[in-house]
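Values quoted throughout were computed directly from the atomic coordinates according to the rules given, and no laboratory measurement underlies them. Just so we're clear, the structure is a prediction, and the values are computed from it rather than from any experiment. When we count neighbours, we look across all protein chains shown, and the Cβ atoms used for this are built from the backbone with ideal geometry, even at glycine.
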Amino acid sequence: MKNNSNEISIAEASRTVIQTKPAVLNAMSNGIVNYSALANMIMDEVLGLVNREKVHIDAIKMALMRYSEEIKERKLEFDEKIASVLIHSKLQLKNELIYFSVSKRAVIDSNILKLISDYDVYFQLIEGTNSFTILADVELKDRIIEILNKKNILLMNEDQSGLILISPSEIIDVPGIISFV
C-alpha cells in the first residue's frame, strides 16, 4: 500500500531495476532465474525507488515472477515474428566478389551507377561517413577502376565472398533478425 502520492509500487520499482540489467532480462525471458536470489539482489535498489523503510522480499519475488511471465510472452511473440520472416527468406552465397573503399567525392562525381544498367551482375554501393564501399562481381573490377580512377580507391580486396539474406519487406519491422541467422 502506498504511503504518499510520490511512491511507486514494488512491482513498478522491480521492473525499473530489472530493465537496467539486460543479462537478467534475458535470463528471465528464458526461464532460467532464481527469483529468491534475484529479489535479494535487487532489494536495496527497490527500497530506494519505493521510498519505504522496509519491503517484504516475497513481494519483490512475486513482482519478478509476474514480470517474467510478461517478458516470456513478449519473447514468444518476438520469436514468432522472426521465425515468420526467416521462413520466407533465402540465404545466398556470392563468390568472386571484389571490395572497394572509395573516396566520397570520386563516387559522387562519377558515373558509377551506370554500371547497374550496363551489366547484369552483383553490385552493392554503401555510403559510409567518409567513403563509399562497393562490393561487386569481380567482372566489374577493371570498369570500376576506370570510372573511379585508381588514385580515388582507398582499399581494394579481391577474392571476396558474401552472404546475402533475401527477405520479405517485413524484415524492416522486425529487429534482431541477423542474430538468428
- Message: Tell me the net charge near Ser29. Cut-off is 11 Å between Cβ atoms, Ser29 excluded, with +1 for each Lys or Arg and -1 for each Asp or Glu.
- Response: -1
- Query: Based solely on its DSSP helices, what 222 nm [θ] is calculated for the chain when runs of n ≥ 4 H residues each add -39,500 (n - 2.57) and the sum is averaged over all residues, nearest 500 deg cm²/dmol?
  - Reply: -14000 deg cm²/dmol
- Query: So for the pair Thr16, Asp173, with labels modelled 7 Å out along Cα→Cβ, what separation do we get in nm?
  - Reply: 3.3 nm
- Message: Suppose a student asked you for the relative contact order of segment 54-181, using Cα pairs under 8 Å spaced at least 6 residues apart; what percent would you report?
- Response: 37 percent
- Within a Cβ distance under 13 Å of Ser103, other residues only, what is the Lys/Arg minus Asp/Glu net charge? +2
- Counting only complete DSSP H runs, which helices of the chain cover 20 Å or more along their long axis at the Cα atoms and score a mean Kyte-Doolittle of -0.5 or above? 57-87
- Item | Surface/4 of the Cα convex hull for the chain, nm² | 15.9 nm²
- Efficiency by 1/(1 + (r/R0)^6): what FRET value for Ala83 and Ile166, r their Cβ-Cβ distance, R0 = 22 Å, to the nearest 0.05? 0.85
- Item | Gap separating the Cα centres of segment 1-70 and segment 104-166, nearest whole Å | 53 Å
- Item | For Leu154, residues with placed amide H under 5 Å, excluding near neighbours | Ser101, Val102, Ser103
- Query: Considering the chain as a Gaussian network with a 10 Å cut-off on Cα pairs, which listed residue, Leu91, Leu155, Leu165, attains the greatest mean-square fluctuation?
  - Reply: Leu155
- Task: Subtract the Cα-Cα distance of Lys90 and Tyr119 from 0.36 nm times their separation in residues, and report this length gain in nm to one decimal.
- Result: 8.1 nm
- Note on the structure: Once Glu53 and Leu76 are pulled to full extension, the length gained, defined as 0.36 nm per residue separation minus their Cα-Cα distance, is 4.5 nm
